[in-house]
1. Taking the Cα atoms of the range 69-119, report the difference between the largest and smallest coordinate on each principal axis, in whole Å and largest first.
2. Evaluate the charge dipole of the range 1-93 about its Cα centre and quote only its size in Debye, nearest 20, assuming +1 on the Cβ of each Lys and Arg and -1 on the Cβ of each Asp and Glu.
3. Please determine, in degrees from 0 to 90 and to the nearest 10, the orientation of helix 107-128 with respect to the longest principal axis defined by the Cα atoms of the chain, where the helix direction is its Cα long axis.
4. Could you state the angle between the C-alpha long axis of helix 2-20 and the longest principal axis of the C-alpha atoms of the chain, as a value from 0 to 90 degrees rounded to the nearest 10?
5. Need the C-alpha centroid separation for the range 73-136 versus the range 25-65, integer Å.
6. Relative to the longest principal axis of the chain, what angle (0 to 90°, nearest 10) does the C-alpha long axis of helix 132-156 take?
7. So for the chain, averaging the separation of alpha carbon pairs under 8 Å that are six or more residues apart and normalising by length, what relative contact order in percent results?
8. Binned at 5 Å from 0, what are the whole-percent values of the Cα-Cα distance distribution for the range 29-74, short to long?
Amino acid sequence: MLTLLLYCLPTIVYVMVRSRRGDDRAEAIRDAGAALGTLSGYGLGLLVGLAIAALTWLAARPLGLSGGSLETVVNPLAIMQALALAAGQEILFRGLIGGVLMRRLGFPAGNALQAVISLLPTLLLALALGAAATAWPLLLAQLVSSLLLGTLRHRLGTCFPGIPASALGTLLGTVLAVL
């Protein structure tokens with residue numbers, strides 16, 4: 001849960017700064033992508049989540065994860081962690097950063113840039129662990145997933161449907177890879 005708070009902190013600061021400048025707080029929150037969304041938006045998010053699951057599964061296949069333990073993937077703690085991580089990443093990368101970049105640079109450039117920025121923490125971790133050479137399919141899948149989630153955020157005006165989409169895609173893709 002600390003990770004979720006750390007991911008949300010820049011958005012909280014963004015809304016506070018805009019409010020102090022005299023901007024409407026509700027508008028600042030909307031600009032940060034923090035709106036509940038519609039049921040149809042969550043339905044579209046479900047489709048994006050299934051696409052992310054397929055990408056994750058395809059990217060993980062060359063890594064030889066099959067035969068692993070499902071208990072490490074499908075347990076309440078892993079599911080809660082996946083949801084918290086997805087929420088934090090969506091709020092920061094698609095909600096705040098993607099929202100600002102897409103408004104300033106336009107959708108194509110802003111979405112591409114938010115996808116690259118959201119890949120940086122994973123890329124740095126892979127480099128630090130010496131796993132970048134073998135993990136490149138997963139890095140590519142994450143980049144494409146970020147583009148899909150950014151498109152979803154742009155189309156719906158909110159990052160919230162991306163939270164279950166990202167968590168579903170990651171968990172289901174990992175389950176399929178382990179089977």
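1. That gives 44, 17, 12 Å along the principal axes, largest extent first.
2. Values: 6 positive and 6 negative charges, 30 e Å.
With only Lys, Arg, Asp and Glu charged at Cβ, the dipole is about 140 debye.
3. Once rounded, one gets 50 degrees.
4. 20
5. Cα centroid to Cα centroid, the span is 11 Å.
6. Around 40 degrees separate the two axes.
7. Working: 254 pairs, mean separation 75.1, N = 179.
Reported relative contact order: 42 percent.
8. Spelled out bin by bin, the range 29-74 gives 5, 16, 13, 19, 14, 11, 11, 8, 2 percent.
Any read-out appearing in this document is the output of simple, stated calculations on the displayed coordinates, not a laboratory observation. Nothing here was measured: the structure is a model prediction, and the numbers come from that model. FYI the Cβ positions are ideal-geometry reconstructions off the backbone, even for glycines, and counts take in every protein chain you see.
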